[in-house]
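Trainee: A single structure is presented below for examination.
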Amino acid sequence: MTDNSSAANSSPAASSSGDVDEHGFPRRGMLYKGVAMILGAIITIIPIVPVVGMVLDPLLRKKRAVGPTGPKVDADKFIEVAKLAQLKVGEPVQMPVIADQRDFWNTFPNQAVGSVYLTLQPDGKIECFNARCPHLGCTVNFRSGDNIFYCPCHDSSFNADGTRKNDIPPRDLDPLEVKQNDDGGILVKFENFRVGVHDRTVV
């Protein structure tokens, strides 16, 4: 009697060494599994790419930022903020800093990028401070009656010359460079500085 099971097991299709691995598993099945795993990985990664782009986009924009531009900004990055006639001798005057704000993609005209205090000294010199409190970045007010700058957020206060009156702020008010043009314009090299630290570091 012929053993059918033995005949089946000894058939060329089942015993071919090219169709099974050393453990007896079909090689074609492993190939299919490998292809399926690769396709699954690709399908998983594709939706992540836009998400990564969204996360990195603000960082790339910041690196490619151009900053303030426009007709009020000169080649040395000084921005016209006032006219000499607007200043008062010995009394700080707050002025907004307006410029076109441009990054790598867009231009936003006439944006308020900050504010400053300008004081015309009796000798004609102009003193300028960034209006941001160096404690946490709130805008300080000038109290003419007390002749001090006062921060409404955390009670920081400064003398009229910008020196701090208490230990709440980590440093004095941040001074800025000033120059005048031939038309009586007052230009400021506007910069913001890191808050909450003793050292004056541009951000």
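The values are calculated or read from the model by the stated rules, or taken from the named source; none is laboratory data. Note that the structure is a prediction, hence the values are computed from the model and not measured. We place every Cβ from the backbone using ideal geometry, glycine too, and count neighbours over all the protein chains shown. Only protein heavy atoms, including side chains, enter the accessible area calculation; ligands, DNA and RNA are left aside. Shrake-Rupley method; radii C 1.70, N 1.55, O 1.52, S 1.80 Å.
Trainee: Looking only at region 112-126, filter to residues that are modelled with pLDDT of 95 or more and β-branched (Val, Ile, Thr); which one of those is nearest to residue 80 (Cα to Cα)?
Mentor: The qualifying residue nearest to residue 80 (Cα to Cα) is 116.
Trainee: For region 26-36, indicate whether the set of residues that are at pLDDT below 95, open to solvent by 90 Å² or more (accessible area, probe 1.4 Å), among the charged types (D, E, K, R) and within 30 Å of residue 142 (Cβ to Cβ) is non-empty.
Mentor: Among the residues of region 26-36, not one is at pLDDT below 95, open to solvent by 90 Å² or more (accessible area, probe 1.4 Å), among the charged types (D, E, K, R) and within 30 Å of residue 142 (Cβ to Cβ), which makes the answer no.
Trainee: Let me ask you something else. Only one of (1) touching a residue at least 12 places away in the same chain (Cβ under 8 Å); (2) more than 18 Å from residue 193 (Cα to Cα) fails for residue 146. Which number is that?
Mentor: Only one criterion is unmet by residue 146, namely (1).
Trainee: Kindly evaluate residue 166 against the criterion of being open to solvent by 20 Å² or more (accessible area, probe 1.4 Å) and touching a Ser or Thr at 6+ places or on another chain (Cβ under 8 Å).
Mentor: For residue 166, the condition - open to solvent by 20 Å² or more (accessible area, probe 1.4 Å) and touching a Ser or Thr at 6+ places or on another chain (Cβ under 8 Å) - is met.
Trainee: Have a look at 109, 71 and point out the one that is loosely packed, with under 10 Cβ neighbours inside 10 Å, within 30 Å of residue 140 (Cβ to Cβ), modelled with pLDDT of 60 or more and not β-branched (Val, Ile, Thr).
Mentor: Of 109, 71, the one residue that is loosely packed, with under 10 Cβ neighbours inside 10 Å, within 30 Å of residue 140 (Cβ to Cβ), modelled with pLDDT of 60 or more and not β-branched (Val, Ile, Thr) is 71.
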